[in-house]
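What follows is calculated from the coordinates using simple rules that are stated; it is not laboratory data. Note that the coordinates shown come from a computational prediction; the quantities given were computed from them, not determined experimentally. Backbone-built Cβ (ideal geometry, glycine too); neighbour counts: all protein chains shown.
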Amino acid sequence: MAAASPDFRRRMTRRQWEGRAFHGLCLLAVAVALAMLVLLLVYLARQGLTRVSWEFITSFPSRDPDQAGIKAALLGSIYVVAIAAVVAFTLGVSAAIYLEEYAVRNWRSRIIQVNITNLAGVPSIVYGILGLEIFVRTLGLGRSVLAGGLTMALLVLPIIIIAAQEAIRAVPPSLREGAYALGATRWQAIWHLVLPQAMPGILTGVILAVSRALGETAPLIVMGALTFVPFAPDGPLSRFTVLPIQIFNWTSRPQAGFHEAAAAGIIVLLALLLTMNAAAIVLRNKFQRRPEG
Amino acid sequence: MARDTRSLRTSITAKALSLLPRHWKRLLWERLIRLTLAAAAVVSVLTTVGIVSVLLFEAVLFFQEVSILEFLTGTRWTPLFASQHFGILPLITATIITSAGAMLVALPLGLLSAIYLSEYAPDPVRRGLKPVLEVLAGIPTVVYGYFALLFVTPLLRQISPNVSVFNGLSASIVMGIMILPMVSSLSEDAMRAVPRSLREGAYALGSTKLEVSTRVVIPAALSGIAAAFILAISRAVGETMIVAIAAGQNPTFTLNPFVPIETMTAYIVQVSMGDTPTGTLEFKTIFAVGLTLFLLTLMMNLLSQYVVRRFREEYE
């Protein structure tokens with residue numbers, strides 16, 4: 001080291017300083033991202049926390065910002081998300097089982113796979129156009145919660161299929177082989193061994209899909225959900241609104257009172273999403289701790 | 001005891017007798033299940049077919065009344081006014097402003113965050129940070145719209161009086177924050193897939209961490225990083241609520257980020273919220289715009305997949 005030339009040492013010091021500066025820059029980028037998150041949450045809390053109350057959750061919207069509540073929107077969201085979850089879960093898990101356990105690797109299964117990947121990248125508003133044409137107009141469901149739920153089901157279907165495929169692929173083949181050796185049919189092996197093993201992973205995907213459906217606004221606007229709904233949905237063909245649309249509507253109004261109501265609505269929405277994501281994380285941890293088969 | 005044995009024997013005989021039809025029944029059952037599952041897989045293909053045919057069908061009707069040339073090259077978009085013009089360019093420029101602006105935010109911040117997570121952060125820090133950053137991606141876009149219109153825009157207006165209440169700048173900054181985790185997560189995955197031996201080789205030659213990150217890891221992970229960027233642009237182009245709330249509803253042919261503009265997605269929302277009757281030429285515009293949007297994002301998604309496949313560096 002003593003032999004290092006002064007020139008080398010000078011350049012070494014410079015490179016080390018550059019390295020430290022770059023490290024600082026990277027840290028700064030992460031800090032900016034985190035700061036934005038904190039800023040967003042603090043701003044929302046300051047705007048809306050005082051408006052969140054039991055009354056806010058159980059009141060219908062009103063022309064008076066201080067009276068306005070989210071009952072209709074919350075119930076509408078629950079209806080839409082429940083329909084979407086049931087339909088997308090059934091279709092998505094079935095499709096994933098077919099692709100992973102039955103389909104032969106040929107051009108047909110490859111087309112289905114490429115198609116699913118690309119569907120996941122289609123802008124959500126395009127699903128709204130699809131829902132409007134197919135469910136609302138062609139199938140004559142009208143601008144109902146059922147049409148909204150089915151539109152959302154198609155939107156989240158790729159998410160569930162991809163998650164379920166990964167979960168099924170992670171089940172060790174030895175389990176299936178053991179079942180086959182005991183004389184089980186393919187479906188018996190899937191139903192009794194593969195699915196129970198894959199279920200935590202599948203459910204994680206379902207929860208992610210549901211939180212996506214809960215936060216989506218654009219497709220339901222295009223599909224024709226209402227913005228002012230002073231009634232609770234009373235059946236699958238009832239007209240409806242959802243929480244994000246209610247928030248959008250209040251945000252677009254000029255009065256500060258409605259902006260506070262929008263912030264309060266956002267807090268309720270984020271609380272719901274947080275609960276679901278916490279559930280997903282708990283499930284994922286349970287899933288990851290599972291001993292290798 | 002004897003009775004038990006006998007009853008056991010008869011039940012075995014009964015089973016043996018019924019084995020053949022049961023076997024058939026089971027085979028049939030298996031067939032049926034297989035078919036049902038395949039039908040579910042076909043639904044995803046039908047969704048694509050549905051999207052393409054709905055958009056094409058209505059867009060063809062639209063283009064029977066409006067020339068494609070006017071649609072693609074016109075600089076005035078006024079389908080809802082008395083003097084109708086159907087030039088989509090104002091919607092395109094608006095989409096370019098907001099997406100490019102979003103990328104200017106998300107690209108450097110996302111890439112630097114990814115480098116930090118992949119190369120610098122100790123493992124527990126990385127495992128804690130990544131999900132927190134991903135929270136940003138999980139926040140509904142309507143929430144970002146609210147934040148853009150009511151927090152970021154007033155702030156920008158304090159800095160410069162030239163900024164309008166509705167503007168592309170505020171929407172693109174907030175959209176950049178929204179897609180940042182997508183850039184950072186996907187880029188980080190690509191960087192972590194670069195084998196350790198490459199880094200160790202560079203360190204053995206006396207490189208600093210900066211040199212290893214920028215001259216070894218990033219070039220090796222470039223296909224994954226590029227794919228992440230393209231996906232992020234596609235996401236920004238298709239993003240709706242932030243621009244519908246914060247960027248305005250004025251289809252102006254401009255690249256000025258301070259004035260109200262209208263993106264393709266915001267236009268579709270505007271028509272859907274209004275009382276334009278379905279079936280009219282005005283209403284059919286949303287299918288033509290939707291088709292343009294769908295094709296643009298599809299091309300970018302395919303390009304992203306192609307980049308990953310074609311330019312992946314394999315180290316095996």
Amide H within-cut-off set for residue B:86, under 5 Å, with H built and near neighbours excluded: B:78
task: Just grab the label-to-label distance for residue A:285 and residue B:75, each label 7 Å out from Cα along the Cβ direction, in nm (one decimal).
output: 5.9
- request: Obtain the nm distance between the two label points defined at residue A:188 and residue B:46 by a simple spin-label model: each point lies 7 Å from its Cα along the Cα-to-C-beta direction.
  value: 3.2
- prompt: Which of A:118, A:31, A:61 sits closest to the plus end of the dipole of chain A, meaning its Cα is farthest towards the positive end, when Lys and Arg get +1 and Asp and Glu get -1 on the C-beta?
  reply: A:31
task: Excluding residue B:74 itself, calculate the net charge of residues whose Cβ lies under 15 Å from the Cβ of residue B:74, where each Lys or Arg counts +1 and each Asp or Glu counts -1.
output: -2
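Apply 1/(1 + (r/R0)^6) to the Cβ-Cβ distance of residue A:181 and residue B:193, taking R0 = 45 Å, and write down the FRET efficiency to the nearest 0.05. Walk me through the numbers before you get to the answer.
On the way: r = 37 Å, r/R0 = 0.81.
For R0 = 45 Å, the calculated efficiency reads 0.80.
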task: Going by C-beta contacts inside 10 Å, put B:151, A:228, B:229, B:81 in order with the fewest on the left.
output: B:81, A:228, B:151, B:229
- line: Diffing the range A:83-92: the Karplus 3J(HN,Hα) column from phi (6.51, -1.76, 1.60, θ = phi - 60°), in whole Hz with x for Gly and Pro, holds 4, 4, 5, 4, 5, 5, 4, 4, 5, x
task: Determine which aspartates and glutamates satisfy two conditions relative to residue B:284: a Cα distance under 17 Å, and not lying fewer than 8 residues away in the same chain.
output: A:133, B:58, B:65, B:70, B:275
- line: From fewest to most C-beta neighbours within 10 Å, the residues B:299, B:178, B:103, A:152 line up as B:299, B:103, B:178, A:152
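Counting only other residues whose beta carbon sits under 13 Å from that of residue A:53, what net charge do I get with K and R as +1, D and E as -1?
Working: positive: A:51, A:71; negative: A:55, A:66, A:260.
Charge balance in the 13 Å sphere: -1.
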field: Burial ordering of B:96, B:233, A:162, fewest other beta-carbon atoms within 10 Å first
entry: B:96, A:162, B:233
message: 7 Å from Cα along Cα→Cβ at both residue B:159 and residue B:295: what's the point-to-point distance in nm?
response: 3.7
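Magnitude of the Cβ-charge dipole of the range A:56-288, K/R +1 and D/E -1, about the Cα centre, nearest 20 debye?
On the way: 15 positive and 10 negative charges, 85 e Å.
The calculated dipole for the range A:56-288 is roughly 420 debye.
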